[in-house]
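K.L.:
Please find one structure pasted underneath; my questions will follow.
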Protein chains: 2
Amino acid sequence: MYDIKQAQEIVNKALIAANVSKEPAGLYEPIAYALSVGGKRLRPALTIMGCNLFTDSVEGAIDAAIGIEVFHNFTLLHDDIMDNADIRRGNPTVHKKWDENTAILSGDAMMIKASQFVTRTHESYLKSVLKTFNKAAIQVCEGQQYDMNFENQSFVAEENYIEMIRLKTAVLLAASLKIGAIIGGASSEDAQHLYNFGENLGLAFQLQDDLLDTYGDSKIFGKNIGGDIVSNKKTFLLIKALSTAKGDGLTELKDYIKREEFDRDHKIDTFKRIYDSVNIKEATEERIKYYFNLANEELDKIGVKEEKKTLLKEFCESLMVRTK
Amino acid sequence: MYDIKQAQEIVNKALIAANVSKEPAGLYEPIAYALSVGGKRLRPALTIMGCNLFTDSVEGAIDAAIGIEVFHNFTLLHDDIMDNADIRRGNPTVHKKWDENTAILSGDAMMIKASQFVTRTHESYLKSVLKTFNKAAIQVCEGQQYDMNFENQSFVAEENYIEMIRLKTAVLLAASLKIGAIIGGASSEDAQHLYNFGENLGLAFQLQDDLLDTYGDSKIFGKNIGGDIVSNKKTFLLIKALSTAKGDGLTELKDYIKREEFDRDHKIDTFKRIYDSVNIKEATEERIKYYFNLANEELDKIGVKEEKKTLLKEFCESLMVRTK
């Protein structure tokens, strides 16, 4: 059984072998750039690991895994245009390094390339794999739309936020695992349990990202702390605080959200003080634990030997350890 | 055997039945709008007709046909952003009616929807159909990239222009027919002949579009005459004129291309006078005829009864009659 590092290595080798560079350079260079600037290769590694739960031979899952990684990077490329983001993983985004038209068209070509990779899957699994892939892909678009909608809403309900991160983040992790399971020959029940595992893991993972943006250690987290607070981003923490805080705390929070000029550190400190007063950190940690436990319950239901699940369990624990 | 009108009706009915409207409205309303503002449904009709050449029952080709139409409309949506076009088929473009982010994301969702429709194809043809579809899709992106490159080049060689329109326009017409043929149970040789037929027809069709933009009747053509000349668009006509004209004519043409201020009608008249002096109209008509004849030769090679080919032949003649 491969661990996550070995699965990532398989993916990185396959990505290099699948070198997409050809003519016209104006189309393919930005794609090669977007795929080369790194990332954890988390989704394709999950595909390999999902497959490996049910079979020792994971070769049949590599093309689909690569397709999922190319798809994921396509969504980042187009999201960066929509969010007007200058930097991704420490490097200039494609629309900044080239221009917006390049980013649109190269992104489109990446989406098609992603489909091409997934379509290389063996015919006996192809329809099932493509249905899972396409459904997740369209849900990621739906999630991005809700995320953009929320920017213009003064109130976002907690359940709507959870549904947004489910669509934008969790379903692709879930689909990555399920596609691996399908190619590994899993029963449809086991494939669905693995999907549910991934979906709950994805929710826990995104909530943890929200938490770390405010309460994390910038050295470990790898980005500046408090960015979400500064930009009024409607994360689980802010949504929860707006529905939990009362009296002066609530008024102070709402007033600060409207202020266009402020001292960055003062804003972060103020929000954290209000969050602390209504135990937002604990509430978020509790919710993360809730989804993490749901994920593990789904993993328990899968009909393979416990030792086969161990690496996947260890891997999710390693994802979660960052909150502590 | 269905004629083109009947094939278009099948497509329009299926498009209505495949109503893509759902939540979030911000994502799906622009898609419904883009699909509702018309168009000739040429590509899906060709899929139906391509299938109908080999079998009486075309039901199996309808989903793929719809997928191709949705894909084509996705490319128009993103091309309109890149070209900063305000109007498409007499209606505001999506990025003008909504905004650019909406047009990017709804376009992305359309591309995925297109794949979903194509993926509904029966498993026995699925891999072959998807390979043909994805290859054409990526070539359309390559064609768009070359087209954008040409805008910034002072010189474009005739063969590079032909390659650009082959990628941007012809291969999708070819793939539309071939996908129909595959689903209709054609041999791979016949499917390839039909592809070659569509590719040559597409080249003839695009060159005719170039010709009509300068020499057409605006009432029949449906758009203002001379737009390509006014915008210095590197069409077959201009490329041919720049390589054929000599002396004063060539100098006049090159000087006019550089002028930023000019009288629209005077520019059109001047270009047409220079074009006429070196027989550009005749040279273009000759080239159209060349591809049209190549198309028909490919059709002749297909192993089905002559009467089955008649409707397809009549249809391409009806496309071509507009030049005369």
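Just so it is clear, none of the values below were taken in a lab; they were calculated from the coordinates. On a predicted model such as this, the values are computed, not experimentally measured, just so you know. Neighbour counts are summed over all protein chains in view; Cβ atoms, including those assigned to glycine, are modelled from backbone coordinates with ideal geometry.
K.L.:
In debye to the nearest 20, how big a dipole does the protein assembly as shown give about its Cα centre with +1 on each Lys and Arg Cβ and -1 on each Asp and Glu Cβ? Provide the component values of the computation, followed by the final result.
P.N.:
Details: 82 positive and 98 negative charges, 93 e Å.
Here the protein assembly as shown has a charge dipole of around 440 debye.
K.L.:
Going 7 Å from Cα along the Cα-Cβ axis for the label, what nanometre distances separate A:Lys246 from the same residue across the other copies?
P.N.:
Values, ascending and in nm: 9.4.
K.L.:
Compare the Cα positions of A:Ala191, A:Asn84, A:Ala103 along the charge dipole of chain A (+1 at Cβ of Lys, Arg; -1 at Cβ of Asp, Glu; about the Cα centre) and return the one farthest towards the positive end.
P.N.:
Projecting each Cα onto the dipole axis, the largest value belongs to A:Ala191.
K.L.:
While we're here: Looking only at other chains, what is the average number of their beta-carbon atoms within 10 angstrom of each beta-carbon in A:131-143? Each step should come with its number before you reach the end.
P.N.:
Numbers: counts 3, 0, 4, 8, 2, 1, 7, 10, 2, 3, 12, 8, 2.
Across A:131-143, the average partner-chain Cβ count within 10 Å equals 5.
K.L.:
Additional query: Fewest to most neighbouring Cβ within 10 Å: what's the order for B:Tyr146, A:Tyr33? Can you show the working numbers first?
P.N.:
On the way: B:Tyr146 23, A:Tyr33 17.
With the sparsest Cβ surroundings first, the list reads A:Tyr33, B:Tyr146.
K.L.:
Where does each of A:Asp108, B:Asp263, A:Asp269 land when they are ranked from fewest to most other beta-carbon atoms within 10 angstrom? Walk me through the intermediate numbers first.
P.N.:
Numbers: A:Asp108 26, B:Asp263 9, A:Asp269 13.
The order, fewest Cβ neighbours first, is B:Asp263, A:Asp269, A:Asp108.
K.L.:
Here is a follow-up. All other residues with a Cβ under 13 Å from the Cβ of A:Ala245 taken together, and with Lys, Arg as +1 and Asp, Glu as -1, what is their net charge? Each step should come with its number before you reach the end.
P.N.:
Working: positive: A:Lys240, A:Lys246, A:Lys254, A:Lys272, A:Arg273; negative: A:Asp248, A:Glu252, A:Asp255, A:Asp276.
The answer is +1.
K.L.:
Nm distances between the label at B:Asp265 and the same-position labels in the remaining copies, 7 Å along Cα→Cβ, shortest first?
P.N.:
Copy-to-copy label distances at B:Asp265, shortest first: 7.1 nm.
K.L.:
Net charge near B:Gln8: determine it from the other residues with C-beta under 13 Å of the C-beta of B:Gln8, scoring Lys and Arg +1 and Asp and Glu -1.
P.N.:
Numbers: positive: B:Lys5, B:Lys13, B:Lys40, B:Arg41, B:Arg43; negative: B:Asp3, B:Glu9, B:Glu69.
Charge balance in the 13 Å sphere: +2.
K.L.:
Can you pull the three principal axis extents for the Cα set of the range B:53-132, in Å, largest first?
P.N.:
42, 22, 16
K.L.:
Another question, then. Less than 11 Å Cβ to Cβ from A:Leu172, Lys/Arg counted +1 and Asp/Glu -1: what total charge do the surrounding residues give?
P.N.:
Values: positive: A:Arg43, A:Lys135, A:Arg166, A:Lys168, A:Lys178; negative: A:Glu69, A:Glu199.
Net charge around A:Leu172: +3.
K.L.:
Could you run the Karplus curve 6.51 cos²θ - 1.76 cosθ + 1.60 with θ = phi - 60° over the range B:147-153 and give me ³J(HN,Hα) per residue in whole Hz, x for Gly and Pro?
P.N.:
Using θ = phi - 60°, the values come out as 4, 5, 4, 4, 4, 9, 9 Hz.
K.L.:
Cα to Cα, under 17 Å, and not fewer than 8 places away if on the same chain: which lysines meet these conditions relative to A:Lys127?
P.N.:
The reachable lysines, counting only those whose Cα sits under 17 Å from A:Lys127, are A:Lys135, A:Lys178, B:Lys113, B:Lys127, B:Lys131.
K.L.:
Using only DSSP helix segments of four residues or longer, with each worth -39500 (n - 2.57), what per-residue ellipticity at 222 nm results for chain A after dividing by its residue count and rounding to 500? Kindly include the intermediate steps, with their values, before the conclusion.
P.N.:
On the way: 17 runs with 242 residues, N = 324.
It lands at -24000 deg cm²/dmol.
K.L.:
Want the number for A:Asn160 to A:Asn279: 0.36 nm per residue separation, take away the alpha-carbon distance, what's left? Kindly include the intermediate steps, with their values, before the conclusion.
P.N.:
Values: separation 119, 0.36 × 119 = 42.84 nm, distance 2.13 nm.
Extending this stretch completely gives an extra 40.7 nm.
K.L.:
Given H placed 1.01 Å from N in the peptide plane, which residues other than close sequence neighbours of A:Asn91 have an amide H under 5 Å from its amide H?
P.N.:
It is none; the list stays empty.
K.L.:
Another question, if that's okay. For a Förster distance of 56 Å, can you work out the FRET efficiency between the beta-carbons of B:Glu286 and A:Lys13, rounded to the nearest 0.05? The partial results should precede the final answer.
P.N.:
Working: r = 52 Å, r/R0 = 0.94.
Calculated value: 0.60.
K.L.:
Any idea what the dipole of chain B comes to, in debye rounded to 20, about its Cα centre with Lys/Arg Cβ at +1 and Asp/Glu Cβ at -1? Each step should come with its number before you reach the end.
P.N.:
Values: 41 positive and 49 negative charges, 77 e Å.
Dipole about the Cα centre, nearest 20: 360 debye.
K.L.:
Further, regarding this structure: Of B:Thr119, B:Gly26, B:Cys51, which is farthest on the positive side of the dipole of the range B:1-153, counting Cα position, with +1 on Lys and Arg Cβ, -1 on Asp and Glu Cβ, and the Cα centre as origin?
P.N.:
B:Cys51
K.L.:
Then there is this: Using a Gaussian network model on chain B with a 10 Å cutoff between Cα atoms, which of B:Val278, B:Val70, B:Val58 fluctuates the most?
P.N.:
Judging by the Gaussian network model, the answer is B:Val278.
K.L.:
Specify the inter-centroid distance of the range B:87-111 and the range A:1-37, based on alpha-carbon positions, in whole Å.
P.N.:
After rounding, the separation between the Cα centres reads 31 Å.
K.L.:
Hey, another quick one. How large is the Kirkwood hydrodynamic radius of chain A, counting all unique pairs of alpha carbons, in Å?
P.N.:
Roughly 20.7 Å, rounded to one decimal.
K.L.:
From other protein chains only, count the Cβ atoms within 10 Å of every residue's Cβ in A:112-120, then give the mean.
P.N.:
Values: counts 13, 4, 3, 11, 7, 1, 3, 9, 3.
What the average comes to for A:112-120 is 6.
K.L.:
Follow-up question, since we're still on this one. Give me A:Ser36, A:Ser176 ranked fewest to most by other Cβ atoms within 10 Å of their Cβ, as a rough exposure proxy.
P.N.:
Numbers: A:Ser36 12, A:Ser176 32.
If I rank by nearby Cβ atoms, fewest first, I get A:Ser36, A:Ser176.
K.L.:
Report the one residue of B:Leu201, B:Phe262, B:Phe292 whose Cα lies farthest in the direction of the positive end of the charge dipole of the range B:187-324 (charges on C-beta: Lys and Arg +1, Asp and Glu -1; origin at the Cα centre).
P.N.:
Of the candidates, B:Phe262 comes out farthest on the positive side.
K.L.:
Could you name the aspartates and glutamates in cross-link range of B:Lys97, using Cα to Cα under 17 Å and dropping any fewer than eight places away on the same chain?
P.N.:
Cross-link targets: B:Glu29, B:Asp79, B:Asp80, B:Asp83, B:Asp86.
K.L.:
Suppose you put the label 7 Å out from Cα in the Cβ direction; list, shortest first and in nm with one decimal, how far B:Asp86 is from each other copy's label.
P.N.:
For B:Asp86, the other copies' label points sit at 3.3 nm, shortest first.
K.L.:
Also, quick follow-up: Hey, what's the per residue convex hull volume over the C-alpha atoms of the range B:187-324, in cubic angstrom?
P.N.:
On the way: hull volume 15.4 nm³, N = 138.
Expressed per residue, the convex hull around the Cα atoms of the range B:187-324 is 112 Å³.
K.L.:
Can I ask one more? If the only charges are +1 at each Lys and Arg Cβ and -1 at each Asp and Glu Cβ, what is the size of the charge dipole of the range A:19-151 around the Cα centre, to the nearest 20 debye? Mind dumping the intermediate values first?
P.N.:
Numbers: 13 positive and 17 negative charges, 74 e Å.
Charge dipole, the range A:19-151, about its Cα centre: 360 debye, nearest 20.
K.L.:
In nm, give the distance between the simple-model label positions of B:Val230 and A:Val304, each being 7 Å from the Cα along the Cα-to-Cβ direction.
P.N.:
Result: 6.4 nm between the two label points.
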